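A short write-up of the structure that comes next.
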Amino acid sequence: MAILEVNSIRKSFGSVEVLKNISFTMEKGEVVSIIGSSGSGKTTLLRCLNFLERPDGGSIKVHGETVFDAGDPATQRESEVRRKRLHFGLVFQSFNLFPQYTALKNVMLAGELLAKERPDYRANKKAIVAQIEEEAKALLDQVGLSHRMMNYPWQLSGGQQQRVAIARALALKPDILCFDEPTSALDPELTGEVLRVIRSLKSDDRTMIIVTHEMGFARDVSDQVIFMDGGVIVEKGHPMELMNNPKEERTKQFLSRLGQNNA
Amino acid sequence: MQLFLQQFPIVVRSLNIGFLQTMKLFFVTLIGALPLGLLIAFGSMSRVKPLSVFTRLFVWIVRGSPLMIQLLIIFYFPGIVLHQTIWGGGEAGRFAAASTAFIINYACYFSEIYRGGIQSVPVGQEEAGLVLGMTKSQIFFHVKLSQVIKRIVPPMSNEIITLVKDTSLARIIALQEIIWAGQAFMKSSQGISGAIWPLFFTAVYYLACNGLLTLLFGWVERKLGYYKV
């Protein structure tokens, strides 16, 4: 069964239709890259998946469970949304770390708050927090920041901050991890370390959706590339196929424009 | 000089009593206005249009008119216009009226500082909390509040230092605070008459108090200086 089914998602801001009838599916462990020029709707699509925007139409299924259906208000209740958005994790372009907490606390905070809702929290508080801390430390180690755990965000480089943000998103064990242009706010020499971490996640068999402008990276890491333009999916397919041999005129134009810029 | 040394202890004793009343008004205003200001801030940010319009109108009126006039209206209006004094007589009544006027006035100023502080937290902070499954109130208390406090300490310290000095306006309804106590010696009090220096000397009390507050706020700022927003 597909881990994610997106059916006919539509979203407008005022009179501007940003997403027009978006549909795609993903299998568990698959990595999907979404490419396209600014304003094509890529980010809005990710925000819809993470319930930061409410689509005007369509439905979203995770593991076959309908987590959102525009026609069914019962799927949109605030209390439900909070639980269901945990299927997804989101890494932001601008990191959005909590500045007042250390790297370690940034990774732990959400887990600690969720644990407070467990019935056995009071009785086992110490053990629960210790376990959350242990997992957080392991995640920071995994993104190569075990020596930076006690640093505050302002003491970290952009690349390090983004790696903390990735660890933070992983801490809640999302089924699908989304990246919204994770390297766009970084200096060119810092993108490598972040892309390396994302690559290492692929070898862990994580299901990921990556909105990116890094074409080489998208080609290497993805199982499927989606090209969006003007709020629709113009073309999707295997990365080699789509990038080396695009079928649609708009895809060709987009890729050749990029090629000129990079040359 | 001889005369001054004779007068000094008498004046200081009298000013101390007045300053006690000044401090009482100061703290009562803070205790009332700090939380009330937060309520007004939420009111003015409310998505319920009538509520936010009403709140902003109220804040405009209170901030837009002199505190001295507000004091006079709150103190005299019930008696003169409604023929029903609600403040009772004497110093206690004057204090209740002055506190009410100060709390309302300062809550409005504080509310605008709170609103600025809350709205200056980047929207990405809330979104990061949301995608991590936090509730709105968890986001407010665990993510935003510290950042809001850090941002509002400088403007709040400004406002609170102004409050120390503004308490002198309560003189207009004859509250027996420190200005009133100093002024008494200009006419005649405790065998001293025609002395203007006690009134000037009250400034020392304000200065000392605001010196302490400046140190306190400096300490708070340093406490929150471990991170940057």
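The values are calculated or read from the model by the stated rules, or taken from the named source; none is laboratory data. For clarity, every value in this text was computed on a predicted model and none was experimentally measured. In this analysis, Cβ positions are derived from the backbone assuming ideal geometry, glycine residues included, and neighbour counts consider all displayed protein chains. Keep in mind that these areas ignore ligands, DNA and RNA; they rest on the heavy atoms of the full protein, side chains included. Shrake-Rupley method; radii C 1.70, N 1.55, O 1.52, S 1.80 Å.
Across peptide B:121-130, the mean count of Cβ atoms from other chains lying within 10 Å of each residue's own Cβ comes to 5. Less than 5 angstrom separates the built amide H of A:F179 from those of A:V91, A:I209, A:I210, A:V211, all sequence-distant by 5 or more or on a different chain. Solvent-accessible surface (1.4 Å probe) assigned to B:H83 amounts to roughly 150 Å². Remark: segment B:116-129, residue by residue, has Karplus-estimated 3J(HN,Hα) of x, x, 5, 6, 7, 6, x, 4, x, 5, 5, 5, 4, x Hz, where x stands for each Gly or Pro and the curve is 6.51 cos²θ - 1.76 cosθ + 1.60 at θ = phi - 60°.
Averaging the sequence gap over all C-alpha pairs within less than 8 Å and six or more residues apart, then dividing by the number of residues, gives chain A a relative contact order of 26 percent.
Taking θ as phi - 60° and the Karplus parameters 6.51, -1.76 and 1.60, the scalar couplings of segment B:146-151 work out to 4, 5, 5, 4, 4, 6 Hz in sequence order, x denoting glycine and proline. In this label model, A:S157 and B:L57 are separated by 5.7 nm, measuring between points 7 Å along each Cα→Cβ vector.
Other residues lying with their Cβ under 11 Å from the Cβ of A:L90 contribute a combined charge of +1, Lys and Arg counting +1, Asp and Glu -1.
The accessible area of B:K144, taken with all protein chains in place and a 1.4 Å probe, comes to roughly 30 Å². Counting Cβ atoms of other protein chains within 10 Å of each Cβ in B:132-142 and taking the mean gives 5. Take every DSSP beta bridge whose two residues both sit in segment A:4-262; close to 55 percent of them are antiparallel. Residue ranking by accessible heavy-atom surface, 1.4 Å probe, largest first, among A:M150, B:M23 comes out as A:M150, B:M23. Counted by Cβ distance under 11 Å from A:N7, the other residues give a net charge of 0, where Lys and Arg count +1 and Asp and Glu count -1.
In whole angstrom, how far apart do the alpha carbon centroids of segment A:43-122 and segment A:215-244 sit? Their Cα centres are 26 Å away from one another.
Does anyone have the angle between helix A:121-142 and the longest principal axis of chain A? Alpha-carbon axes, 0 to 90°, nearest 10? Roughly 50 degrees, rounded to the nearest 10.
A straight Cα-to-Cα reach below 16 Å connects A:K236 with the lysines A:K20, A:K42, A:K247, A:K252, residues fewer than 8 places away in its own chain not being considered.
Relative contact order, whole percent, for chain B stands at 27, derived from Cα pairs under 8 Å and 6 or more residues apart. 3J(HN,Hα) along segment B:134-140, derived from phi through the Karplus expression 6.51 cos²θ - 1.76 cosθ + 1.60 where θ = phi - 60°, amounts to 7, 7, 4, 6, 4, 5, 5 Hz, with x in place of Gly and Pro. Express in whole angstrom the spacing between the alpha-carbon centres of segment B:74-97 and segment A:131-178. For segment B:74-97 versus segment A:131-178, the Cα centre distance is 61 Å. Amide H contacts under 5 Å for A:L4: A:M26, A:H63, restricted to partners 5 or more places along the chain or on a different chain, H placed in the peptide plane at 1.01 Å from N. In summary, the lysines within cross-link reach of A:K126, defined as a Cα separation below 29 angstrom excluding same-chain residues under 8 places away, comprise A:K84, A:K105, A:K116, A:K137, A:K173, B:K136, B:K144, B:K223.
Sparse packing (at most 10 other Cβ atoms within 10 Å of the Cβ) combined with a DSSP loop state is found for none of the chymotrypsin sites (Phe, Trp or Tyr not before Pro) in segment B:6-66. Averaging the Cα positions of each part gives two centres, and for segment B:145-175 and segment B:187-229 these lie 13 Å apart.
Within chain A, which is the longest segment containing none of the GluC sites (Glu not before Pro) that sit in a DSSP loop and have at most 14 other Cβ atoms within 10 Å? The segment A:118-247 is the longest one with no such site. Most simply put, the protein assembly as shown has about 60% antiparallel DSSP beta bridges, counting only bridges with both residues inside it. Taking amide H as placed 1.01 Å from N in the peptide plane, A:S157 has no amide H partner under 5 Å among residues 5 or more places away or on another chain.
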